[in-house]
1. For residues that are open to solvent by 30 Å² or more (accessible area, probe 1.4 Å) and under 16 Å from the mean Cα position of the chain (by Cα), tally how many sit in the stretch 40-61.
2. Is it true that SER91 is part of a loop (DSSP other than H, G, I, E, B), under 23 Å from the mean Cα position of the chain (by Cα), modelled with pLDDT under 70 and closer than 15 Å to ARG9 by Cβ?
3. Six or more apart or on different chains, Cβ atoms under 9 Å: show the pairs whose first residue is in the stretch 41-56 and outside any helix (DSSP H, G or I) and whose second is at pLDDT below 90 and open to solvent by 50 Å² or more (accessible area, probe 1.4 Å).
4. Could you check, for the stretch 95-105, whether at least one of its residues is of a type outside the set (A, V, I, L, M, F, W, C), closer than 18 Å to LEU46 by Cβ and either modelled with pLDDT under 80 or open to solvent by less than 70 Å² (accessible area, probe 1.4 Å) (or both)?
5. Go through (1) in a helix (DSSP H, G or I); (2) surrounded by 13 or more Cβ atoms within 10 Å (Cβ to Cβ); (3) among the hydrophobic types (A, V, I, L, M, F, W, C) for ALA37 and report which single condition fails.
Amino acid sequence: NDDEIHFIRCYSPSINRGVTAGASGGPRAAGCQGSWAEAKEWCEALSITSGDPSNSQLTRNQLLGAAPEGQVVDDWRLARTMTEAGTQCGSGCQGDFELTWVMFDTGSPTTLGPTAAPTVAPTGSPTTR
């Protein structure tokens, strides 16, 4: 539901770490939560320089040992797996046991539009092939 509000946590594949909106800024005054669109947009626009004194203490702690001081980390996105989402635990706003936006990759092929030819109609009973 586009109107739902949940925690926003972003994952960086280059450093295998997660951060929470609010601890590192955020799209709303409340910081830690937002809609799906806000979460996706905010994570994809996020850029954090490791060791920057303007980072919150929590963000500095999250990046400690993951990125050398001065490295710009700008490949943030929503987590796509449970493992990626797990890197965000303890990243702020007490959201570890709350609903958080993720974008799970189902691996299912999809089309952007209708297929060129019609698909085969379903059978009345199971087939044996």
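The values are calculated or read from the model by the stated rules, or taken from the named source; none is laboratory data. Keep in mind it's a predicted model, so treat the numbers as computed, not measured. So basically every Cβ, Gly included, is an ideal-geometry build from the backbone, and we count neighbours across all protein chains shown. What goes into the accessible areas is simple: the full protein's heavy atoms, side chains included, and nothing from ligands, DNA or RNA. Shrake-Rupley method; radii C 1.70, N 1.55, O 1.52, S 1.80 Å.
1. Counting residues in the stretch 40-61 that are open to solvent by 30 Å² or more (accessible area, probe 1.4 Å) and under 16 Å from the mean Cα position of the chain (by Cα) gives 6.
2. Yes; evaluated as a whole, the condition is true for this residue.
3. Listed by first residue and then by second, the contacts come to SER50/ARG60; SER50/LEU64; GLY51/ARG60; GLY51/LEU64; ASP52/ARG60; PRO53/ARG60.
4. yes
5. Every condition holds for ALA37 apart from (2).
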